[in-house]
């Protein structure tokens, strides 16, 4: 089951946090970020998908060392549509931030310094997508189907965040 399917499942489950306003806010923030950075929305979505792979690896490592509840706590704390350098610092070391920006720049053509400046916007958006599966009654509970599906993906390197965002846009008629 793809990430978008997990998110739609969360939208249809009253016990989970997902709502259309949350998805609209994520999509609007991506559009505004792309416009302000002078980058096409498609390129921004591609960058988010690549970033999603790096976020997945970091969260998988955290889950292995500190447990699922720790990862859920991070998603709850840092998921949003605002700028958060703290979110980036929590997930990636300074050296990893450089590596992530450089790797994504090489594949998208976006300047690495521009990407580095976008990380505090894009990382919270990725976490916000993962937050859609958070239990509304017990937000600290690590039983988030969207997050679990994201972390337990088949490891093929294809993180379908851009697909999920495109489908969410269609779902919301945007």
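A compact table of results
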{"item": "Förster-model FRET efficiency, 25 Å R0, residue 65 and residue 102, C-beta, rounded to 0.05", "result": "0.45"}
{"item": "Net length gained if the chain between residue 42 and residue 73 were fully extended (0.36 nm per residue, minus Cα distance)", "result": "8.1 nm"}
{"item": "Least to most buried among 140, 63 (fewest other Cβ within 10 Å first)", "result": "140, 63"}
{"item": "Neighbour-count order for 64, 74, fewest beta carbons within 10 angstrom listed first", "result": "64, 74"}
{"item": "Normalised contact order of the chain, rounded percent, pairs of Cα under 8 Å and 6 or more residues apart", "result": "39 percent"}
{"item": "Residues 16, 129, sorted so that the one with the fewest Cβ neighbours within 10 Å comes first", "result": "16, 129"}
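No value in this document is a laboratory result; all are computed from the given coordinates. Everything numeric here is computed off the predicted structure, so don't read it as measured data. So basically every Cβ, Gly included, is an ideal-geometry build from the backbone, and we count neighbours across all protein chains shown.
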